1. Heavy atoms only, 1.4 Å probe, whole protein assembly: order HIS499, HIS398 by accessible area, highest first.
2. For region 27-65, which trypsin sites (Lys or Arg not before Pro) are in a loop by DSSP, counting at most 16 other Cβ atoms within 10 Å?
3. Checking the a/c ratio against 1.5 first, then a/b against b/c, what shape does the Cα gyration tensor give for region 544-614?
4. Setting aside same-chain residues fewer than 8 positions from LYS396, which lysines have a Cα under 16 Å from its Cα?
5. Check PHE160: other-chain or 5+ apart residues with amide H under 5 Å from its amide H, H built from backbone geometry?
6. Which ³J(HN,Hα) values in Hz, rounded to whole numbers, follow from the phi angles of region 159-171 under the Karplus curve 6.51 cos²θ - 1.76 cosθ + 1.60, where θ = phi - 60° and Gly and Pro get x?
7. Taking the solvent-accessible surface of protein heavy atoms with a 1.4 Å probe, what is the per residue accessible area of region 452-612 in Å²?
8. Among VAL276, GLN213, ILE244, flag the residue with its Cα farthest along the positive direction of the charge dipole of region 150-310, charges on Cβ as +1 for Lys/Arg and -1 for Asp/Glu.
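The values are calculated or read from the model by the stated rules, or taken from the named source; none is laboratory data. Predicted model, so just to flag it, every value in this text is computed and none were measured. Here Cβ is always computed from backbone atoms with ideal geometry, including for glycine, and neighbour counts include all displayed protein chains. Side chains are part of the model used for accessible areas, which takes the heavy atoms of the whole protein and leaves out ligands, DNA and RNA. Shrake-Rupley method; radii C 1.70, N 1.55, O 1.52, S 1.80 Å.
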Amino acid sequence: MPEAPKNRGNGAGLGVEGGILDDKNIRALEFIEDVTMNAKEVQMQVLSEIITRNSNVEYLQRHGLNGRVDADTFKKIVPVVTYEDMLPDIERIANGDMSPILCSKPISEFLTSSGTSGGERKLMPTIEEELGRRSLLYSLLMPVMNQSVPGLDEGKGMYFLFVKSEAKTPGGLMARPVLTSYYKSSYFRDRPYDPYTNYTSPNETILCPDSYQSMYSQLLCGLCQNKEVLRVGAVFASGFIRAIRFLEKHWVLLCKDIRAGTLDSQINDPSVREAVKRILKPNPELADFIEAECRRESWEGIITRLWPNTKYIDVIVTGTMSQYIPTLDYYSNGLPLVCTMYASSECYFGLNLNPLCKPSEVSYTLIPTMAYFEFLPVNRKNGFTNVSESAPLNEKEHQELVDLVDVKLGQEYELVVTTYAGLYRYRVGDILCVAGFKNKAPQFKFICRKNVALSIDSDKTDEFELQNAVKNAADHLLQFDASVTEYTSYADTSTIPGHYVLYWEIGLSGATPIPPSVFEDCCLIMEESLNSVYRQGRASDKSIGPLEIRIVEGGTFDKLMDYALSQGASINQYKTPRCVKYAPIIELLNSRVVSNYFSPKCPKWVAGHKQWCT
Ligand code: AMP
C-alpha cells in the first residue's frame with residue numbers, strides 16, 4: 001500500500017520551513033497520485049486488512065464469516081445495514097460491554113453524529129488509530145491548495161473552530177462530536193509548527209467550552225492580526241456567518257479591548273486570558289480603523305475590508321450549506337468559496353482536488369486508504385429513491401452494489417462504508433453523483449442527504465420528525481375546536497442565525513379566537529418535539545433561531561396545488577410538499593400570511609442521550 005506522507009519535521013521544536021515544506025507538499029501530492037492510480041488494489045488491501053484483523057469479532061462471526069477473510073465471502077455474507085440495524089450492538093458497547101463485538105481493537109470513544117435516530121444523536125464507534133487517518137486527510141489539504149494559491153505559508157488562517165459538549169455513556173466511554181475529539185487530541189493540540197496550520201486563534205481559545213468566550217477571543221485575536229490573515233473559514237458556512245453576526249453585535253467591545261490592550265471581564269477563563277494576552281497589545285490605530293469600518297451603514301465586503309489580504313473563504317457550501325452562498329458573497333465581495341473536504345463521524349472520505357472551482361462544480365475524490373467504499377445505484381424521481389429506505393436490501397439491490405473503481409460517470413449512488421473501527425457495509429445516507437475521475441479514483445458531487453427536510457446548521461430534520469412535531473403542537477389547538485388542516489416548512493436563512501418556518505392553514509370550528517400565546521406555545525411544543533441536534537443548536541450553540549409559525553389564509557394550500565399543477569405536476573400524484581425551497585412558492589405562501597408567532601424560549605436540551613440522564 002502506498003506509504004502515507006510522513007512529516008519529517010515532527011520532532012519537538014522542529015519546524016516546517018522552506019525546502020522542507022516543498023518536500024512535504026510533493027510527498028502529499030505523490031501520495032494522492034499513488035492511491036488514486038492504484039485505487040482498486042488499495043481498496044482490496046484495505047478490505048482484506050479490515051476483515052483479517054476483525055475476522056473473530058462477534059458481529060462478523062454472527063453473520064457466519066467463520067474466519068474466512070476473502071472479499072467475495074465478505075460481500076456474499078455480510079448484509080448492508082443502517083444505523084438502526086447496528087443499534088443493539090452499539091447500545092451494548094455504550095453500556096459497558098468491552099468484548100470485541102464490532103472491532104478487535106478497543107473502542108476508544110463514540111463520535112456523535114449530527115444524523116439522528118429516535119430523536120437522539122447517532123453514536124459512531126471509533127478506535128484510537130482513526131485519529132491518524134483523519135490527520136492524514138487534513139495533511140493533504142494545504143499541499144493541494146498550494147497548487148492553486150501559492151504563498152499561503154507567508155501568513156495565517158483565521159478559522160473559527162469550536163469544541164462542543166461531551167457526555168459519558170453509562171459504560172464510561174466518551175461521546176462527543178468528531179471535531180471536538182480531534183481538536184482535543186494531541187494531533188491538533190501538540191502539532192509542531194507548520195505554516196499551514198498557523199492559525200490566528202490560539203488553541204486555548206478553540207478549546208474553551210464556553211461558546212461566547214471562545215467566539216469573542218477568536219475574533220479578537222483575528223482582528224489583532226488582521227494584516228497577517230491570508231485565508232478565513234470555519235467548518236460549515238453557517239458557522240462562519242455566525243462569527244460575522246457576532247462581530248456585528250460586539251464590535252464596540254472588541255474595539256475597546258484593542259484600543260486599550262485590555263480584555264473584557266466577561267472573558268474569565270484563565271487559560272484563554274493568558275493566551276489572548278500574548279497577542280493583544282494596545283493599538284488605537286487599529287481600533288479606529290475597525291470602528292470606522294463597522295460603523296458604516298453597509299456591511300457589504302466587510303471581510304475584505306477588515307482582513308484585506310484574504311484570498312479565499314474556506315467553508316463547506318455544498319449540500320444544504322449552499323443556501324448561505326449569497327450571504328457569504330455579500331460579506332466577502334465575492335471572494336472564492338473553497339470547499340476542501342468531505343467527511344463524517346463514521347469516516348473521513350475525501351478531498352476536493354480543484355479547490356478554486358465554483359461551489360456548484362465541487363467534487364470530492366474519495367481517498368482509497370480511508371475505508372472500503374461501496375456504492376448502491378439510486379435513481380431519484382420526485383425526491384424518492386428506488387432503493388429500500390432501510391436494510392436489509394433485497395437480493396437484486398445487493399447485487400447492484402459496486403466497488404469504488406466500478407462506478408459510472410453521471411450515475412448517482414448511495415455511499416456504503418466498511419471502516420477500520422467496526423462498521424461493515426454501513427449506509428452513510430449520502431447520495432453522491434460521479435462527476436469525473438482522478439486517475440482510477442472517481443470524484444463525486446455531493447447531491448443530498450437522504451430524508452432531510454430542514455437544516456440550518458448541523459441539524460438534519462426529516463419529514464417524519466417534522467410531522468410528529470406538528471401533530472404534538474396541533475393537539476394544543478383542540479381546546480379551541482381548531483386543527484391544522486395543511487402545513488409546510490421552510491429553512492429561513494435570511495435571519496442570522498437561520499430558523500425553521502412552519503406555514504399553517506387552520507380549520508376553526510369554534511367561536512373563540514385563538515390567543516397569540518397559544519400559537520407561541522405551539523412553536524415551543526414543536527421545538528421540544530424535534531431531535532436533540534436541533535435542540536442543542538437552539539439551546540446551547542445558539543446556531544438556530546426561534547421557530548416561527550406563519551398562519552396563512554384559508555385556501556392557500558389549494559393555491560399551492562394550482563401552482564404545482566401549472567408547472568406540470570400530475571393531479572393524481574400531487575402531495576403537499578412538507579418542505580419548500582423554491583422562491584416563487586415561498587413568495588406565494590408569504591403573500592398570504594395573516595399572522596406569525598415565534599417560540600418564546602429555548603427548548604430543553606441536555607448533553608448525552610436522554611436515557612443516560614435518568
Ligand atoms: P456528521 O456525521 O455529523 O459529521 O455529519 C456528516 C455528514 O455531513 C455527511 O454524511 C454529509 O451528509 C454532511 N457533509 C460532510 N461534509 C460535507 C460536504 N463537504 N458537503 C456536503 N455535505 C457534507
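1. Working: HIS499 10, HIS398 45 Å².
Greatest to least solvent exposure: HIS398, HIS499.
2. Values: sites: ARG27, LYS40, ARG53, ARG62; in loops: none.
Answer by residue number: there is no such site.
3. prolate
4. Result set, ordered by chain and number: LYS75, LYS76.
5. The answer is GLY233, ALA234.
6. For region 159-171, the Karplus-derived couplings read 10, 8, 10, 9, 9, 10, 5, 10, 9, 10, 6, x, x Hz, x marking Gly and Pro.
7. On the way: 7250 Å² over 161 residues.
Averaged over the residues of region 452-612, the accessible area is 45 Å².
8. So the residue furthest toward the plus end is GLN213.
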